[in-house]
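Trainee: Handing you a structure now.
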Amino acid sequence: MKREPRLQFTDEERAAPELKKSIKKVDKAAAKADKAQSKIPTKKVLAKERTADPATGKVKTRLHFEEMEKKPPSKLAHVTADTPINALSMQFHREVQQSEDDNVGVESAHKLEKAAESGGRLIQSAHRSHQLKPYREATRAEHQLEKANVNALHKKAQTETPTSNPYSKWQQKQAIKKQYAAAKSGKTTENATKTAEAATKTAKKAAEKAKEAGEFVWRHKKGFAIAAGLLLILAFFLNGLSSCSVILEGVASGVTASTYASQDADIEGAEEAYCAMEDELQDYLDTYERTHDYDEYHYDLDSIEHDPYVLISILSALHPGEWTLSDVQGTLQMLFDKQYILTETVTTEIRYRTEIRTGYRAVTDPNTGQTTLDPYQYEVEVPYTHYICTVTLENFDLSHVPVYIMSEEQLGMYATYMSTLGNRPDLFTGSEYIGRYGEGSYTEYDIPPEALEDEVFAAMIEEAEKYLCYPYVWGGSSPSTSFDCSGFVSWVINHSGWDVGRLGAQGLCNICTPVSASNAQPGDLVFFVGTYDTPGVSHVGIYVGDGMFIHCGDPISYANLNSSYWQEHFYCYGRLP
């Protein structure tokens, strides 16, 4: 029987008020365990026999014990010994049972005989139970000591690494239990002290791990809060259907599915690697004229920048589960090549330049008649090839790339990560892009009841409001992929009585009849220009009246048409056919 470690505490620990109670319980449990162990029958060593192996020289020692008066009972031995008797008894009972219905006397005698046999078995069982008693008591005492040890280690860890978070405390204790079991595994009573020391040393480390888990929950409090809310709602409606544990597992898996699975070092490494490629590109452009030899340079350069959350969400969607930096090196290069399109175009022209040349003419001296050649200079237009280099850099926008490289399932995962920022809004707090995210919030608006009396408009709003807070995904056109502005409007109207297919903002504008601001009514579309660098109409929403419209911003939300931004980019209202 393995003994639990007997923990040793320092005088300082025993004097600590917060540990006194736990240590007292450990001492009490250890004393009971020692007492129970002392009652187990033992063998005495009569002699030691030492033999040497001639081939290897190894010395083996064999101990000879005296036979105990009471050997430790074996349950297996009892079962084996009793089997023939039990089998014979069962066969006898089966034969007697067949005649019970015909003879009441036989039935009565059979019952008495059964009772006698049962009594005999009870006596046997009681005797065996008496023999097993010291072993059972020792096992029970060791189990109680284990509980006291773990509680004391947990209390000690709490004093060294305090935490008030219930989840963190639970994680802390589970970690200590695991470390305690690992530390004592394979140990014997002779090295129990060493085991106890190992378990004690692991307590602080386990507590730190548990604290990290608690901090993880706190960092992702938004995701866990959403999950808790969903759990309560589901529990309310599904109370009579299944165990809440199933619901909890579903909610927990939902939070996990929307969280970046990779380690911070790999996530930050991927972002740094992408930034390094951008820095290299910027340096190439900054030194372009020093490293090239053309006569004339023209530049049309977009800014070099990307949204780090878009990058990590793309990588997480393309590489399910926990990926490392080495896993995504090729993907980073592919994304960079798709985002930044560098074009260097060289054209030539035949141009003329003025050159000064030297000529000679003969001059005769009138006095001597001697003729000499005098130099003179003159200008001449000379043709030459003029090299013009035009450097164009297009930033395609990394957020536009997913729709071209992902399956519908991957695009849906990308949208999920973008809607929660991977449950890691703390990753890139220094990025200028973080300000564009509304922490998953959106503007709500209560549409006047009279406006909803129009059945067509009511159907549009019922469909549109299903997707409030969905993230903006360029090119997205369905709930499974999320939406961009025109994809959202196309989906809504196609599920509200129209069938126009998937149209862009300009395409939706083209099928509408222009409406003046004074005649605009709920259900009309509202169009904008210049919201990003594209010709024609660049954005579209659904007007709901009273200066408000619903659109796919980031996320899908209501917005006030009278704000300065939307007024600056307003183009027109349009009525659907």
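The values are calculated or read from the model by the stated rules, or taken from the named source; none is laboratory data. No experiment lies behind these values; they were computed from the predicted model shown. For neighbour counting, all protein chains shown are included, and Cβ atoms are generated from backbone atoms with ideal geometry for every residue, glycine included.
Trainee: Filter segment 350-375 down to the residues that are closer than 30 Å to H386 by Cα and surrounded by 10 or more Cβ atoms within 10 Å (Cβ to Cβ), then identify the one that is farthest from the chain's Cα centre (by Cα).
Mentor: Selected residue: G359.
Trainee: So, one more: Could you check G504 against (1) surrounded by 22 or more Cβ atoms within 10 Å (Cβ to Cβ); (2) among the small types (G, A, S); (3) more than 17 Å from W566 (Cα to Cα) and say which number it fails?
Mentor: Going through the list (1) surrounded by 22 or more Cβ atoms within 10 Å (Cβ to Cβ); (2) among the small types (G, A, S); (3) more than 17 Å from W566 (Cα to Cα), G504 breaks only (1).
Trainee: Another question about this same structure. Q410 - would you say it is under 30 Å from S477 (Cβ atoms) and either assigned to a helix (DSSP H, G or I) or modelled with pLDDT of 90 or more (or both)?
Mentor: Here the answer is yes, as Q410 does meet what is asked.
Trainee: Let me ask something additional. In segment 508-526, what residues are part of a loop (DSSP other than H, G, I, E, B) and surrounded by 17 or more Cβ atoms within 10 Å (Cβ to Cβ)?
Mentor: Within segment 508-526, C512, A520, P522, G523, D524 meet the criteria.
Trainee: Also: Can you confirm whether segment 395-408 contains a residue that is surrounded by fewer than 12 Cβ atoms within 10 Å (Cβ to Cβ) and in contact with a helix residue (DSSP H, G or I) (Cβ under 9 Å, 6 or more places away or on another chain)?
Mentor: Within segment 395-408, one or more residues are surrounded by fewer than 12 Cβ atoms within 10 Å (Cβ to Cβ) and in contact with a helix residue (DSSP H, G or I) (Cβ under 9 Å, 6 or more places away or on another chain).
Trainee: I'd like to verify a number: residues in segment 1-29 that are assigned to a helix (DSSP H, G or I) and either closer than 19 Å to T161 by Cα or touching a helix residue (DSSP H, G or I) at 6+ places or on another chain (Cβ under 6 Å) (or both), how many?
Mentor: Residues in segment 1-29 being assigned to a helix (DSSP H, G or I) and either closer than 19 Å to T161 by Cα or touching a helix residue (DSSP H, G or I) at 6+ places or on another chain (Cβ under 6 Å) (or both): 14 in total.
Trainee: Tell me yes or no: at least one residue of segment 393-406 is among the hydroxyl-bearing types (S, T, Y) and assigned to a helix (DSSP H, G or I).
Mentor: yes
Trainee: Considering only segment 306-346, state which residues are surrounded by fewer than 22 Cβ atoms within 10 Å (Cβ to Cβ), in contact with a strand residue (DSSP E or B) (Cβ under 7 Å, 6 or more places away or on another chain) and of a type outside the set (A, V, I, L, M).
Mentor: The answer is Y340, T343, E344, T345.
Let's see how each residue does on (1) among the β-branched types (V, I, T); (2) in contact (Cβ under 8 Å) with a residue 60 or more places away in the chain; (3) assigned to a strand (DSSP E or B); (4) touching a Cys at 6+ places or on another chain (Cβ under 9 Å):
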{"residue": "L281", "(1), (2), (3), (4)": "no, yes, no, no"}
{"residue": "Y284", "(1), (2), (3), (4)": "no, no, no, no"}
{"residue": "Y297", "(1), (2), (3), (4)": "no, yes, yes, yes"}
{"residue": "H306", "(1), (2), (3), (4)": "no, yes, no, yes"}
{"residue": "Y309", "(1), (2), (3), (4)": "no, yes, no, no"}
{"residue": "S313", "(1), (2), (3), (4)": "no, yes, no, no"}
{"residue": "E322", "(1), (2), (3), (4)": "no, yes, no, no"}
{"residue": "G330", "(1), (2), (3), (4)": "no, no, no, no"}
{"residue": "Q333", "(1), (2), (3), (4)": "no, no, no, no"}
